[in-house]
Structures are given as structure tokens and as C-alpha cells.
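The values are calculated or read from the model by the stated rules, or taken from the named source; none is laboratory data. Model, not experiment: these values are computed from the prediction. Neighbour counts are summed over all protein chains in view; Cβ atoms, including those assigned to glycine, are modelled from backbone coordinates with ideal geometry.
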Ligand code: URA
């Protein structure tokens, strides 16, 4: 139960007691989901995300990293969450992983970074670049789902385990599923390795390259 609901219930019990009640019939109070209204256009959505305080990540962030790129992109890349550079610049994938992602977009897909849309599952940097908790990711998920709906890409590239898992709900690891072409909403979703992983595991680059050739073929 949310803290607020517990407090409200306690307050109610104190009031009953002050009226002389000694017995209170337990009733179920359905936990209320925090109300968030999700705007239906990108500008309003961005404003709403920039003012989001739904999870604890808001306390540590320097900036919200909403996402950027072509609003009519055919390809959308979805990462995990901002790192230190992204947090400072309020832009996704601008650190070392971003340099590699940009090279992949330009050299393998023969596109410009501005041609695609890039966003993350969580919009605020998790401290020490840890993996977002399920609570953080699920709180933020309506935002990425709305971004997908508004952009309506042909292809979604899920970068790494966290992105793939929270988009699809599938628990299988990226080494198992990378390169599979899946139906996702109105798009094809292709999971592949996260660029940060590729920087640490050079040997997976050839697999990631094959995954990107599939993206290119679908374009
Ligand atoms: N890693 C991510 O998942 N996203 C970014 O924006 C940067 C690094």
C-alpha cells in the first residue's frame, strides 16, 4: 500500500475512535495507481516528462533525458537509461556508447543520426549507472510507449537486456534473442547488444553487425 493511503487510513481510524468506535470492519482499499495523464503529442509529452517526479531517480538527476531525433523516423533505438554524460547534456547516447551507436547508424545503416529517433526506458540517470529497478522502469514505461506510438516507427531496435525486457516482458537474455525479428505493436522489433556491452565485449560486435544488416534489409 502506498504511504499516502496508509496515512489516510490511519487518519480515518483515529476519527472513528474519537467517536467512540471500538470495532472497525476491515475493508479492502484497492491500491491506487498514481494518476499520470499522458499527453498525445510530443511537445506536451516532453513537458510532462521534464516535470516528472514519479520515482526516486528524479532526486538525483541533473537533467531529464527525454529522447531526440526524427519524429517521423523509420527506425527507433531504445536504450536502458541515461549515463553521466547524458545526464549532463540532457541528450541520449552522447557518451562512449553513443559514439559507437552513432557509428553503427552511419556506417552500417547508412543513415544519419538525425534520421532515427533515440530514447531510453528510463529518462533519468540511475546512480552509478546501475540497472533501473522494476519500479523505476515501470513508472517510466508509459512515456516510452507513448513515444513509440507517436513516432510509429517501422523498426524498433531494443538495445540490451533492460530495453528488451521492459518493452516485451520477455525474460530471455539478449545473447539468446538478439537478431530475432519480432512483431511489436505496429512495428518489427529487433533486439541487439547494448553498445556499452559491445565496448566491453569486442567479440559480440560481429553478431551485432549481423543484427544491423537485418535492420538495413527491412528498411
Ligand atoms: N546507455 C543507455 O542505455 N542510454 C543512454 O542514453 C546512454 C547510455
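Name every residue in the stretch 86-123 that is within 21 Å of residue 145 (Cα to Cα), within 11 Å of the ligand (Cβ to nearest atom) and part of a loop (DSSP other than H, G, I, E, B), in order of residue number.
Once the filter is applied, which keeps residues that are within 21 Å of residue 145 (Cα to Cα), within 11 Å of the ligand (Cβ to nearest atom) and part of a loop (DSSP other than H, G, I, E, B), the stretch 86-123 yields 90, 91, 92, 93, 121, 122, 123.
Looking at the stretch 131-172 only, could you name the residues that are outside any helix (DSSP H, G or I), within 16 Å of the ligand (Cβ to nearest atom), over 11 Å from the mean Cα position of the chain (by Cα) and buried (at least 22 other Cβ atoms within 10 Å of the Cβ)? Give the steps one after another, and end with the answer.
So in the stretch 131-172, the residues outside any helix (DSSP H, G or I) come out as 131-133, 152-159, 169-172.
With within 16 Å of the ligand (Cβ to nearest atom) added as a condition, the list becomes 131-133, 156-159.
From what is left, the residues that are over 11 Å from the mean Cα position of the chain (by Cα) are 131, 133, 156-157.
Residues satisfying the conditions are 156, 157.
Take residue 216 and tell me if it is surrounded by fewer than 16 Cβ atoms within 10 Å (Cβ to Cβ), at pLDDT 95 or above and either in a helix (DSSP H, G or I) or more than 16 Å from the ligand (Cβ to nearest atom) (or both).
On the way: surrounded by fewer than 16 Cβ atoms within 10 Å (Cβ to Cβ): yes; at pLDDT 95 or above: yes; either in a helix (DSSP H, G or I) or more than 16 Å from the ligand (Cβ to nearest atom) (or both): yes.
In short, yes.
Can you find, within the stretch 173-203, the residue that is surrounded by the fewest Cβ atoms within 10 Å (Cβ to Cβ) among those that are in a helix (DSSP H, G or I) and within 13 Å of the ligand (Cβ to nearest atom)? Don't jump to the end; show me each part of the working.
First pass over the stretch 173-203, keeping only residues in a helix (DSSP H, G or I): 174-177, 195-200, 202-203.
Checking which are within 13 Å of the ligand (Cβ to nearest atom) leaves us with 174, 195-200.
Details: 174: 23, 195: 24, 196: 21, 197: 18, 198: 22, 199: 13, 200: 8.
Within the stretch 173-203, the match that is surrounded by the fewest Cβ atoms within 10 Å (Cβ to Cβ) is 200.
Pull up the stretch 92-104, narrow it to residues that are touching a residue at least 12 places away in the same chain (Cβ under 8 Å) and out of contact with any strand residue (DSSP E or B) (no Cβ under 6 Å at 6 or more places or on another chain), then point me to the one that is surrounded by the most Cβ atoms within 10 Å (Cβ to Cβ).
Narrowing the stretch 92-104 to residues touching a residue at least 12 places away in the same chain (Cβ under 8 Å): 92-93, 95-98, 100-101, 104.
Next cut, out of contact with any strand residue (DSSP E or B) (no Cβ under 6 Å at 6 or more places or on another chain) only: 95-98, 100-101, 104.
Numbers: 95: 21, 96: 13, 97: 23, 98: 21, 100: 18, 101: 25, 104: 22.
Result: 101.
Of all residues in the stretch 69-90, count the ones that are surrounded by fewer than 18 Cβ atoms within 10 Å (Cβ to Cβ) and either touching a strand residue (DSSP E or B) at 6+ places or on another chain (Cβ under 6 Å) or touching a residue at least 60 places away in the same chain (Cβ under 8 Å) (or both).
Adding up the residues that qualify gives 2.
Any chance you could count how many residues in the stretch 53-72 are within 28 Å of residue 112 (Cβ to Cβ), assigned to a loop (DSSP other than H, G, I, E, B) and within 16 Å of the ligand (Cβ to nearest atom)? Break it down into steps so the answer makes sense when it comes.
We begin by selecting, within the stretch 53-72, every residue within 28 Å of residue 112 (Cβ to Cβ); these are 62-72.
Going one step further and asking which of them are assigned to a loop (DSSP other than H, G, I, E, B), we end up with 62-67, 70-72.
If we keep only those that are within 16 Å of the ligand (Cβ to nearest atom) as well, we get 62-67.
Total meeting the criteria: 6.
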